[in-house]
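To start, the structure under review is shown below, and the notes come after it.
Laboratory data are not the source of any read-out in this text; all were calculated from the coordinates shown. Please read these numbers as outputs of a predicted model, since none were measured by experiment. As a convention, Cβ positions derive from the backbone with ideal geometry for all residues, glycine included, and neighbour counts pool all protein chains shown.
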Amino acid sequence: MSESRVEVLLVEDNPNDVELMLHAFRKHNLSNSIHVVRDGAEALEFVFGTDAAAPHSTEPSPKVILLDLKLPKVDGLEVLRRLKTDPCTRAIPVVVLTSSREERDIVESYQLGVNSYIVKPVDFGQLVESVRQLGLYWLLLNQPPGQ
């Protein structure tokens with residue numbers, strides 16, 4: 001892995017949403033270490049160590065995972081299920097950041113242990129503000145275990 005720790009793992013398949021979120025993080029100087037994966041299989045490979053860029057067991061996990069639900073290969077709910085059932089990854093905060101307002105997605109996400117569920121704002125300004133607030137809370141205010 002590179003010298004800097006991955007603070008945010010962004011799991012998003014829409015390139016426009018990726019660019020908007022990265023822009024929002026940069027604009028507010030919230031994180032220099034964001035790793036982007038484009039599907040659920042890539043996310044699982046990264047977190048569980050089969051990806052060459054993945055954290056190794058002696059290195060810390062991401063401070064937060066921003067997870068879209070509608071993903072190719074492995075959907076976001078399955079990624080969430082695997083993260084929250086594994087003792088090594090259960091404590092990593094996962095924020096679902098999705099366009100889905102479907103009640104069943106919200107309910108299932110919380111049943112699986114999601115830390116927060118946010119519907120992506122359509123408006124650019126609102127998205128930037130949402131990402132700013134997410135970054136402030138999960139990267140600066142939240143106190144993870146063992147810190």
Worksheet item: Can you give me the Cα centroid spacing of region 70-108 and region 2-35 in angstrom?
Response: 18
Worksheet entry | Among 72, 62, 87, residue whose mean-square fluctuation peaks in a GNM of the chain (springs only between Cα atoms under 10 Å) | 87
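Looking at the chain, which longest stretch skips every one of the trypsin sites (Lys or Arg not before Pro) that is in a DSSP loop with at most 16 other Cβ atoms within 10 Å, leaving the sites themselves out?
Working: sites that count: 5, 70, 73, 90, 101.
It runs 6-69.
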Practice prompt. Tell me which label goes with the value of semi-axes √(5λ) of the Cα gyration tensor in Å computed from the coordinates here: [x] 31, 18, 14; [y] 70, 41, 11; [z] 21, 19, 15.
Written response: [z]
Worksheet, complete the sentence: When the chain is treated as a Gaussian network with springs between alpha carbons less than 10 Å apart, the largest mean-square fluctuation among 119, 94, 107 is found at 107
Item to complete: Could you compute the FRET efficiency for residue 48 and residue 124, with r as their C-beta to C-beta distance and R0 at 41 Å, rounded to 0.05?
Response: 0.75
Fill in: the chain - mean residue ellipticity at 222 nm from DSSP helices (-39,500 (n - 2.57) per run, n ≥ 4, rounded to 500)
-11000 deg cm²/dmol
Discussion item. Looking at the chain as a GNM with Cα springs under 10 Å, which of 25, 48, 124 has the largest mean-square fluctuation?
Written reply: 124
Fill in: Full-extension gain in nm, residue 75 to residue 103, via 0.36 nm per residue minus C-alpha separation
8.4 nm
